[in-house]
Amino acid sequence: MDRTDNRIDLNLFRVLDAIYSHGGVSAAARVLHLTQPAVTHALQRLRDQLGDPLFVRQGNRLLPTEKVRTMMPAVQLHLKGLHASTHAQPRFDPAQLDLQFTVGFRDILESIALPALLARIERDAPQLRVVSRRVAADEVERELAAGSVDLVVDRPLRAGSRISRRHLLDESLVVVMRADHPFASQLRRNDYMGAQHVAVSPLGEANALDTLLGQDGMFRQVRLVCQHYFSACQIAAGTHLLLTVPRSYALHLATLLPITVQPLPIKLKAFPILAYWHESKDADRAHVWFRQWVIEAITAAIAPAQRRR
């Protein structure tokens, strides 16, 4: 018997869509800014009213039943229509934002972008909170879909069609060394390959540059591996070790530490930097405002360094 009730709370269909789109109750709760028990309760209410389990568990995911698969195109169409009909919202005012955004940054971009970003937030959105943390490359798509991170800025990553992206700029590598290093005035390829190096690898995995050089039969002498570029640069400033680092960060640190910067004497293509976010945030006005200021903070910090090449 079909127990569909014309008095069904329309908010329950928002819960249904969130679980369907994000694959679980926990992820739906984060996206909807609800507690997990509240989403579970809403799902049970809808199950009772529609007379169908709606989802069945398979591993860590909830898979939709045939009834849900059949009805979801119409449900999503109507939800989009309702959203569009209420889209004429009051003027957007960042000063009223009482939210927290989580950004996936590498430590280099964090130190370059956050000071300028925070200055803007303090001026225009004083109630806004920001969390910066590292997101593993193979977890980016899952975390964006789950809503546990709002924006990721990184090198090219594998991500599905529901992940929006924007190319920000291209970055190149340079070599940092102490100011009175024997190679401070000129660094040749043989000098570079014969020197000892400090490398950076947060998890101790193979450094991307060494992997790339190894493909051409070239191998550096890596004396020390650090977790963070700043500590590696401090070490380079006080030892004979060389550090290979993105140019914008090297020029930034050259204002803080007694180092000199030389071009990398090996021809490598510049690598792109991209911003990633879930498509569900494409038109979210708070997210649009925030990600635009993250992007502008990064490009404003890196572009001047590129012009000084």
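A short reminder: the numbers here are calculations on the coordinates, not readings from a lab. Computed from a prediction, not measured in an experiment: that's the story for all the values here. Quick reminder, even Gly has a Cβ in these numbers, built from the backbone with ideal geometry, and neighbours come from all protein chains shown.
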Exercise for review: Could you rank the peptides 253-262, 288-297, 52-61 by their average count of other C-beta atoms within 10 Å per residue, with the highest value first?
Suggested key: 288-297, 253-262, 52-61
Check your understanding: Using a simple spin-label model with points 7 Å from Cα along the Cα→Cβ vector, what separation in nm is obtained for Ala95 and Ala206?
Key -> 5.5 nm
Point to revise | the stretch 208-224 residues near the modelled Met193 label - backbone nitrogen below 17 Å, point 7 Å along Cα→Cβ | key: 209-222
Revision key, fill the gap. Of 131-142, 157-168, ordering from highest average Cβ density within 10 Å down gives 131-142, 157-168
Check your understanding: Can you work out the base-10 log of I(q)/I(0) for the chain at q = 0.10, 0.14, 0.15 1/Å, using the Debye formula on its C-alpha atoms alone?
Key -> -0.70, -1.07, -1.17
Exercise for review: Would you mind getting me the FRET efficiency between Leu10 and Arg129? Use the beta-carbon distance for r and R0 = 30 Å, nearest 0.05.
Suggested key: 0.45
Check your understanding: Based on the Cβ-Cβ distance from Arg285 to Ala179, what FRET efficiency comes out when R0 is 45 Å, to the nearest 0.05?
Key -> 0.40
Exercise for review: Using R₀ = 45 Å, calculate the FRET efficiency as 1/(1 + (r/R₀)^6) where r is the Cβ-Cβ separation of Thr255 and Val225; round to 0.05.
Suggested key: 0.95
Review point. Out of Gln49, Gly81, His22, whose Cα points farthest toward the positive end of the dipole of the stretch 11-85 (charges: +1 Lys, Arg; -1 Asp, Glu; placed on Cβ)?
Key: His22
**Study point:** Estimated distance in nm for a label pair at Ala270 and Lys67, the labels positioned 7 Å out from Cα along Cα-to-Cβ
**Key:** 5.7 nm
Check your understanding: Roughly how many debye, to the nearest 20, is the charge dipole of the stretch 266-305 about its Cα centre, given +1 on each Lys and Arg Cβ, -1 on each Asp and Glu Cβ, and no other charges?
Key -> 240 debye
**Study point:** Cα gyration tensor shape of the stretch 113-170, rounded if a/c is under 1.5, else prolate or oblate by comparing a/b with b/c
**Key:** prolate
